[in-house]
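Worksheet for the structure shown next.
The values are calculated or read from the model by the stated rules, or taken from the named source; none is laboratory data. The structure presented is a predicted model; accordingly, all values stated were derived computationally and were not measured. Neighbour counts run over all protein chains shown; Cβ positions are idealised from the backbone, glycine included. These accessible areas exclude ligands, DNA and RNA; they are computed on the full protein's heavy atoms, side chains included. Shrake-Rupley method; radii C 1.70, N 1.55, O 1.52, S 1.80 Å.
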Amino acid sequence: MRKKIVAGNWKMNKTIAEGLQLVDEILAGSNDDSVLKIIAPPFIHLAAVADKLKSKEGFEVAAQNCHQAAGGAFTGEVSAEMIASTGTNYVIIGHSERRTYFGETNQLLAQKVAMALANNLIPIFCLGESMEDRNANVHLETVKQQLKEGLFSLLPADFSKVIIAYEPVWAIGTGVTATTHQAQGMHNFIRSEINKKYGKDISENTIILYGGSCNAENAKELFACLDVDGGLVGGASLKANEFLAIVNSF
Ligand code: PEP
């Protein structure tokens, strides 16, 4: 039985005071421990948020990125080891905003995944096609390439720790959501590619989240899809009531 997860990616939003208040509101309104709630605040909030959530059942914390090197002269960057030292157990890798604005390639992301795993962080690996890809009917090929180059060099034992987030780029922050047909179709495709590479057991146990304008209105039908195990949520994770409504959508 795969874990149900809703992860909130705050992106570059919230001061530390606002972030801690949001965590308090989510904690106050949360009543379902069967869904794992992962909060991904900006780096500088991690230690405080991890501290607040450390003994709370059903909650985990994620960083939004990590550097591929173990440490050293990389001004302004944050290592996987530093993230882990805050009590954070997860890290988002390969978000489309990182791929688009910071030029992160599949090859670089494979290095980040390896560094995260070496520091006992669970990667939430994002992939997804652009609208151009979908219009040109090459969306399956794009995602296959992202899987192959970003993840499929991992040994089975390491791959089985990874969470995948399918986030069609055209749905992120746009208010346009994938239809259940599109989401289920791609999640099923991803699972079948994992099956080909790592076998049935691992493919059936891999958690695949959907991301892209997920909200309280559309979460229920998305989460009802056979291969959708939850959501990676941006905008709607910035308000406690919206985030919790999504958590309660299974
Ligand atoms: C995201 O940032 O991962 C995301 C899915 O954003 P939004 O929910 O705002 O589309």
Restricting to helices (runs of 4 or more DSSP H) lying wholly in segment 167-250: which have 3 or more residues that are open to solvent by 50 Å² or more (accessible area, probe 1.4 Å)?
180-198, 200-205
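Of all residues in segment 2-14, which are more than 17 Å from residue 236 (Cα to Cα) and either touching a helix residue (DSSP H, G or I) at 6+ places or on another chain (Cβ under 9 Å) or surrounded by 15 or more Cβ atoms within 10 Å (Cβ to Cβ) (or both)?
2, 4
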The lone condition residue 147 fails out of (1) part of a helix (DSSP H, G or I); (2) closer than 30 Å to residue 16 by Cβ; (3) within 19 Å of the chain's Cα centre (by Cα) is (2)
Look at residue 160 and say whether it is modelled with pLDDT of 95 or more and open to solvent by less than 50 Å² (accessible area, probe 1.4 Å).
no
What is the residue count in segment 89-116 for residues that are out of contact with any helix residue (DSSP H, G or I) (no Cβ under 6 Å at 6 or more places or on another chain), aliphatic (A, V, I, L, M) and within 14 Å of the ligand (Cβ to nearest atom)?
1
Just one of the numbered conditions (1) basic (Lys, Arg); (2) farther than 20 Å from residue 69 by Cα; (3) open to solvent by less than 20 Å² (accessible area, probe 1.4 Å) is not true of residue 144; which one?
(3)
Members of segment 44-58 that are farther than 16 Å from residue 14 by Cα and exposed (fewer than 14 other Cβ atoms within 10 Å of the Cβ):
51, 54, 55, 57
Qualifying residues in segment 119-133 (those that are surrounded by fewer than 21 Cβ atoms within 10 Å (Cβ to Cβ) and within 16 Å of the ligand (Cβ to nearest atom)) - the one farthest from residue 108 (Cα to Cα):
131
Residue 149 vs (1) touching a strand residue (DSSP E or B) at 6+ places or on another chain (Cβ under 8 Å); (2) within 16 Å of residue 127 (Cβ to Cβ); (3) of a type in the set (D, E, K, R): all pass except (1)
